[in-house]
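What follows is a single structure, written as structure tokens, with notes after it.
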Amino acid sequence: MRLILIGPPGAGKGTQAQRISENHDIPHLSTGDMLRSAIAEGTEVGVQAKSVMDAGKLVLDEIVNNIVSARIDEDDCRDGFILDGYPRTLMQADSVSTMFEAKNIGLDAVVELQVDDDALIERITGRYICASCGEGYHDRYKHPEVEGVCDKCGSTDFKRRPDDIEETVRVRLFTYYKATSPLIGYYFALRKLRRVDGMLGINEVAVGIEDVLSEL
């Protein structure tokens, strides 16, 4: 099973991709993780990516494409994989299609996590984590059992991501809708798009995704 997961920042793509990975025994491929791994291993494309990032520039599509191509050639991807965070643009989507054709593999589905923007902003801006163990909490939906004390490790030190403020979140959403949302029409035309309500609880979203995948 070869899947692409798309949706705006904070929609829960990483969480759901991990669930799918565990349920179907296929790797969850995040472009961020793949870039960091290639750089750490000192591969040819990793060295290229590092030089670009060290210069404060965006990593070119060609470099990302090469990293993704090399990763899906590895043995653990033989029976499938989930792409999370890639492709982000129509140009990248065309590259993925070309790449898959060259490797003689097919794309089974693109799962879109649909969200309500205002509710998503509330979800993102209200979240915070334990600074010691990374356990996640939310101002409205998930408080520590003992106020100010982490349930998992007992720490009293919490923090928020600096970009989890409303103004920044709105900018991130604008960027998503401008660059990535055209992929929805692209994959709809290819009859690969499947939609799931991303505003449900984590378990309910996971059930919705499994219902979609069971029909493939």
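Every number here is computed from the coordinates shown, using simple stated rules; none is lab data. Bear in mind that the values here come from a model prediction, so they are computed numbers and not experimental data. Positions of Cβ are generated from backbone atoms using ideal geometry, with glycine treated the same way; all protein chains shown enter the neighbour counts.
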Note to self: Assuming 0.36 nm per residue, please report the length gained on full extension of the stretch ASP33 to LYS159 beyond their Cα-Cα distance.
What the structure shows: 43.1 nm
Notebook entry, point to check: Roughly speaking, what is the stretch gain from ASP108 to THR175, that is 0.36 nm per residue apart minus the C-alpha to C-alpha distance, in nm to one decimal?
Noted result: 21.4 nm
Next item on the list: For LYS152, list the aspartates and glutamates whose Cα falls under 18 Å from its own Cα; do not include residues on the same chain fewer than 8 positions away.
Entry: GLU135, ASP139
Check: Any idea how far apart HIS24 and GLU101 come out in nm if each label point goes 7 Å out from Cα toward Cβ?
Finding: 2.4
Notebook entry, point to check: Using a ≥ b ≥ c from the Cα gyration tensor of the range 1-42 (square roots of the eigenvalues), is it rounded, prolate or oblate, where a/c under 1.5 gives rounded and otherwise the larger of a/b and b/c decides, a/b for prolate?
Noted result: oblate
Next item on the list: Just subtract the alpha-carbon distance of GLU74 and TYR137 from 0.36 nm times their residue separation and send over the number in nm, one decimal.
Entry: 19.1 nm
Check: Could you work out the helix-only [θ] at 222 nm for the chain, with each DSSP H run of four or more residues adding -39,500 (n - 2.57) and the total divided by the number of residues, to the nearest 500 deg cm²/dmol?
Finding: -15000 deg cm²/dmol
Checklist line | Restraint check, LYS50/LYS159; LYS103/LYS159; LYS50/LYS103; LYS50/LYS142; LYS13/LYS159; LYS13/LYS50, Cα-Cα greater than 32 Å | finding: LYS103/LYS159; LYS50/LYS142
Note to self: At a 10 Å Cβ-Cβ cut-off, how would you order LYS50, LYS13, fewest neighbours first?
What the structure shows: LYS50, LYS13
Notebook entry, point to check: What share of the DSSP beta bridges in the chain is antiparallel, in percent to the nearest 5?
Noted result: 30
Next item on the list: Please give the peptides 103-110, 206-213 ranked by average Cβ packing (other Cβ atoms within 10 Å per residue), highest first, as a rough proxy for protection.
Entry: 206-213, 103-110
